[in-house]
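Worksheet for the structure shown next.
The values are calculated or read from the model by the stated rules, or taken from the named source; none is laboratory data. On a predicted model such as this, the values are computed, not experimentally measured, just so you know. Here the Cβ positions follow ideal geometry from the backbone for every residue, glycine too, while neighbour counts run over all protein chains shown. Accessible surface is based on the protein model in full, side chains and every heavy atom, while ligands, DNA and RNA are left aside. Shrake-Rupley method; radii C 1.70, N 1.55, O 1.52, S 1.80 Å.
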Number of protein chains: 4
Amino acid sequence: MSKYKELKRSCYEANMELRAQGLVVYTFGNVSEVDRSKGHFAIKPSGIPYKDLHAEDMVIVDFDNNIIEGDLRPSSDTKTHAWLYRNWSKIGGIAHTHATFSVSWAQAQKDIPIYGTTHADHLTKDIPCVQCMSDHLIRGDYEHNTGIQITECFEERSLDYQEVSMILVGNHGPFTWGKDANAAVYHSKILEVIAEMAYRTLQINPEAVPLKDSLIQKHYERKHGKDAYYGQ
Amino acid sequence: MSKYKELKRSCYEANMELRAQGLVVYTFGNVSEVDRSKGHFAIKPSGIPYKDLHAEDMVIVDFDNNIIEGDLRPSSDTKTHAWLYRNWSKIGGIAHTHATFSVSWAQAQKDIPIYGTTHADHLTKDIPCVQCMSDHLIRGDYEHNTGIQITECFEERSLDYQEVSMILVGNHGPFTWGKDANAAVYHSKILEVIAEMAYRTLQINPEAVPLKDSLIQKHYERKHGKDAYYGQ
Amino acid sequence: MSKYKELKRSCYEANMELRAQGLVVYTFGNVSEVDRSKGHFAIKPSGIPYKDLHAEDMVIVDFDNNIIEGDLRPSSDTKTHAWLYRNWSKIGGIAHTHATFSVSWAQAQKDIPIYGTTHADHLTKDIPCVQCMSDHLIRGDYEHNTGIQITECFEERSLDYQEVSMILVGNHGPFTWGKDANAAVYHSKILEVIAEMAYRTLQINPEAVPLKDSLIQKHYERKHGKDAYYGQ
Amino acid sequence: MSKYKELKRSCYEANMELRAQGLVVYTFGNVSEVDRSKGHFAIKPSGIPYKDLHAEDMVIVDFDNNIIEGDLRPSSDTKTHAWLYRNWSKIGGIAHTHATFSVSWAQAQKDIPIYGTTHADHLTKDIPCVQCMSDHLIRGDYEHNTGIQITECFEERSLDYQEVSMILVGNHGPFTWGKDANAAVYHSKILEVIAEMAYRTLQINPEAVPLKDSLIQKHYERKHGKDAYYGQ
C-alpha cells in the first residue's frame, strides 16, 4: 500500500470540494497538498474531469518536479506549485481555480480593493493582481516562471504570504494557499466571494472608497490577532 | 435538561435557514432569539461552520453579555445583539448575514432607494445605510458601539424599528430583526431580494425614480395597516 | 366532493411551478385558472407560503370577486385577475410573479426592447411597461384599477393579448397569461429569460439596436404563423 | 431494431446534457450527431420539452434534409446542421443553445474578445459574431442560409473550424460543434463560461485589453499543439 495514501485522499477531497463550491467546471483547476516531512506533494492529474477522479489518481511529485509515484501526468501547473512549496515553507496546500469573478478581476488586470469587513476578516491588503510576465518568460519555462512571478510580486509589495493567502495572475486567474489543501480551497472560495462583492460594489458606486484603516485592523485582529476573540 | 432547550432549537433552526436561503457561507453570519421572560437570548457560537452546528451548541447570554449557559464562545457580534434586545423591547430575534447584494450596498455606502412594491410590501422607507463609526469608537468596544450606531441611526432618522426591520452597517453588512429568530431571517432574505432588484434597476436605468408615495402607502397598508387584506 | 377539484389541482400545480422555476420566494406571486363554462376561476389564497400550500386551499371566485368556494381569503390581486378574465375572453390562466429581472425592468419603468430571436420566438413587440396609475386610482379600488390599467395599455398601443401574453406594471412587476394556468407560468419564465438577456445585452452594448423586422417576422411566423414548422 | 439506435442514444444524451449544464429551458436549443459512414445524422425533434424527450424520439436526417427515420418533425434548425455537416467534413456533432451570456453577446452584436487564458485554452481567436443576414436571405430558405452565413463568416475571416468550434449568430445565439455531440455540448458550455467572464471583465474595466499574443499561443499550444503537455 502506498505510503502516500492519506495525502492522496486529503488532496483528492480538496479537489472535489473545488467543484462542490462551484469554482470549476469539467477539468479546470487543481489542488495540491504537501507532506513537508517527505518533501513531496500530491496534485491532481492533468485534464481529468472531476466526475472521473479517484483518490488513487493523485500524482506524487517532489520540489524538482520529478514524479515520485503515479501513473498519470500531473497538472500542467505542477511547476508553479513546486516553486511555491520550495520558497514558502509554511504553506501546506495550494489551489488554482477558474472561478468567474476571480478570473474576471484577473482579466481586467486590477487589484481587488478592500471595500468591506468580509475582506478585512481575512486579510488587510488589497488582493494583488500581478501583471503579465514578459514574452521571454512566457516562451521559457512558463509554469515555473509563474511561480517566480508570484513570489516576486509578494517581495516587491512587501506582502506576507501567511496573511495574504491569495493572488490573481493577470489575464489568467487565481492561486490561493493555506496550511493544507482544504484551507487553500477555503481561500479560493473566500476570494470568489470577495471578488463578487467588490464587483457589485463598483456597479452600485463607481466612486466607492476603501475601508478605513481602523476598521481593517479591528476586523483582522479580532479574528487573527494575538487577542483574537473570533472562533473557539 | 436545559430549560433553554426550546429556545436553542428555535435559534439553531433559524441559523440553519440562513444557509438554506443562500445568505451565508462557511461560518459567516449569526442569528439569535430572545426569551423576554428570562431576559436571556440564545445565539450561534463563534466561528463554527453551519455544517457542524447542533442545537445544543447555541450559547445563552444575558443583556450584559454574560454567558448563562454553554461551553462555547458566543458569536463575536453578541454585544450588538445584546444592545438591540436591551433597547428595542419589541424584537424577539436578530440576524446578521454576509449576503452578496446586501453587503455590496453596505460597501457602496448607499441607502437602498424604494424603487418598487416588493420593497413597499415590507417597509415604506429607504433601507438605511449607517456610515462607518469614528476611529475612536472602532478601537473601543466595537461590537457594543455597533449596536449604539444602529439605534442612534434610527433615532436620527426618526425610523420605527417595528416597521423598518433592517439596516446596512456601512462597509460591513446587514442586520435584520423581527418578532422571533425566524422572522429575522425572513427579513434578511427579503432585504437581499430588494437589494438585488434595486441593483439591477439602477443598471437598467441610472435615473430610476423612487416609487410614488401613494403606491408606497397602498402596498404597505394593504399588508400591514389596520384594514389589511393581505394574508389570512 | 367539490366540482372544482380538477380546476383547483391544475391551479395548485401551476402555483408550485412558479417556485420550481425560481420566480418567487415565500408567499410572493399568484396564479389562477378559469373554468369558462362555469364563469369561475381558482386562485391561490393570500399570504400562504408555497411550502404550506395544498390543492384544496385554492379559492374559487367569480368575475365579480365573490367567493364561490373556499375557506381562505383569495390573493390580494384577485380583482386584477377577475377583470382580465372578464375582458379577455380567450385567456384561461393568469400568473403574477416577483421574478428578479422582470421586476427590475418594471422598477426602471422601461419597455423591454426586442433584441433577439429568443424574444421574437414568442412575440413580435417590445414587452410593454405600463406607467404608474394616478394617485386617485391607487387610493380607489387599486387591484381592480390595475386590471383596467393593463387592458387600457393594450388598447392604447393596439396590442393583441393573444400574441403579447405579458406586461410589466411599472414599479410593481409582471403579469402574464395564456390558454391555461400552466401556459401563464410558462410565459412568466419566458419573460424572465428575455428580461435577463435584454439586461445583459445593454450592459455589453448600451447602443444595442432592436432586431430587424424581417427576422422578427421570420421567427414568430415559423413558430406561430399559419405555415408554422416549429413543434409537432 | 433501428440501425441508428446507438447514434440516437448518443444524440439524446448530449441533448439532455444541454439542460443539465443550464444552457437551455423548456424546448430551447438542439443537438445533433452524425454517422459519417452512413451520411446521416440524428437530431432532436422540434418543440419537445427536454423532460419529455426519449432516445427513440431522435430523428434521422440526411444532408439534403430528408427524413430517413423517425415519426416526429426534426428541429426547425435542421437545415443549418445539414449544411455544416456537408461543408465541414471533420465535425461529428453540432449544438445550438439559448444560454444567457452567449445570447447576450449575440444580441449586442459583438465578437467576444480574448481576455484571458480560459479563452486561450480553447481557441486563439476572438469568438466571432456574424452580423444579421439580409432581408432577402431571411425571407428565403432561412435555416439553410444560416448555415451558409456561418461557413462564409469563417471563410471571410480565415478561421479554421477545427480550432474555432463556436460562433455567435447575431441577434440569435450560439452554434458550436466538435468531434461528436458530446464535444459540441462541451463547447457550448465553454463558450458560456468565456462569455460570462468577458462580460464581467468589461464591467470591471471597460478599457480591458486582450491577452498578449505570446500568452495566447502558450496556453493554446500546451493543450492543443504538437508538444502538448496538458491532459493524459
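So residue D:162 passes all but one of these: (1) farther than 30 Å from residue A:175 by Cα; (2) within 14 Å of chain C (Cβ to nearest Cβ); (3) not hydroxyl-bearing (Ser, Thr, Tyr). Which condition number does it fail? It fails just one condition, (2).
Residues that are touching a Cys at 6+ places or on another chain (Cβ under 8 Å), closer than 18 Å to residue C:90 by Cα and buried (at least 17 other Cβ atoms within 10 Å of the Cβ): does the range C:22-32 have at least one? The answer is yes; a qualifying residue exists. Filtering the range C:94-126 to residues that are assigned to a helix (DSSP H, G or I) and in contact with a helix residue (DSSP H, G or I) (Cβ under 8 Å, 6 or more places away or on another chain) leaves C:100, C:101, C:102, C:103, C:104, C:105, C:107, C:108, C:117, C:118, C:119, C:120. If the condition is being of a type in the set (A, V, I, L, M, F, W, C), in a loop (DSSP other than H, G, I, E, B) and within 23 Å of residue C:68 (Cβ to Cβ), then the range C:1-55 contributes C:1, C:48, C:53.
When the range B:110-124 is filtered for residues that are open to solvent by 10 Å² or more (accessible area, probe 1.4 Å) and either facing chain A (nearest Cβ under 7 Å) or under 16 Å from the mean Cα position of the chain (by Cα) (or both), the ones remaining, listed by number, are B:110, B:111, B:122. Restricted to the range D:100-109, and to residues there that are under 9 Å from residue D:195 (Cβ atoms) and touching a Phe, Trp or Tyr at 6+ places or on another chain (Cβ under 8 Å), the residue that is surrounded by the fewest Cβ atoms within 10 Å (Cβ to Cβ) is D:101. Taken together, the criteria place residue D:53 among residues that are within 14 Å of chain C (Cβ to nearest Cβ), within 23 Å of residue D:100 (Cα to Cα) and aliphatic (A, V, I, L, M). Restricting the range D:125-149 to residues that are modelled with pLDDT under 95 and touching a Gly at 6+ places or on another chain (Cβ under 7 Å), the residue that is least open to solvent (accessible area, probe 1.4 Å) is D:132.
The residue of the range C:70-99 that is farthest from residue C:12 (Cα to Cα), among those that are open to solvent by 40 Å² or more (accessible area, probe 1.4 Å) and out of contact with any Phe, Trp or Tyr (no Cβ under 6 Å at 6 or more places or on another chain), is C:87. Residue C:63 meets the stated requirement of being closer than 24 Å to residue C:163 by Cβ, away from chain B (no Cβ under 14 Å) and surrounded by fewer than 24 Cβ atoms within 10 Å (Cβ to Cβ). Looking across the range A:200-232 at every residue that is facing chain B (nearest Cβ under 8 Å) and either in contact with a strand residue (DSSP E or B) (Cβ under 6 Å, 6 or more places away or on another chain) or of a type in the set (Ser, Thr, Tyr) (or both), the one that is surrounded by the fewest Cβ atoms within 10 Å (Cβ to Cβ) is identified as A:229. For the range B:174-232, the set of residues classified as under 24 Å from the mean Cα position of the chain (by Cα), outside any helix (DSSP H, G or I) and not hydrophobic (A, V, I, L, M, F, W, C) consists of B:174, B:176, B:178, B:179, B:180, B:210, B:225, B:230, B:231, listed by residue number. Restricting A:73, A:86 to residues that are at pLDDT 95 or above, over 14 Å from the mean Cα position of the chain (by Cα) and under 27 Å from residue D:182 (Cα atoms) narrows the list to A:73. Let me confirm something: among B:150, B:194, which residue is in contact (Cβ under 8 Å) with a residue 12 or more places away in the chain, closer than 21 Å to residue B:102 by Cα, more than 13 Å from chain C (Cβ to nearest Cβ) and of a type outside the set (Lys, Arg)? Of B:150, B:194, the one residue that is in contact (Cβ under 8 Å) with a residue 12 or more places away in the chain, closer than 21 Å to residue B:102 by Cα, more than 13 Å from chain C (Cβ to nearest Cβ) and of a type outside the set (Lys, Arg) is B:150.
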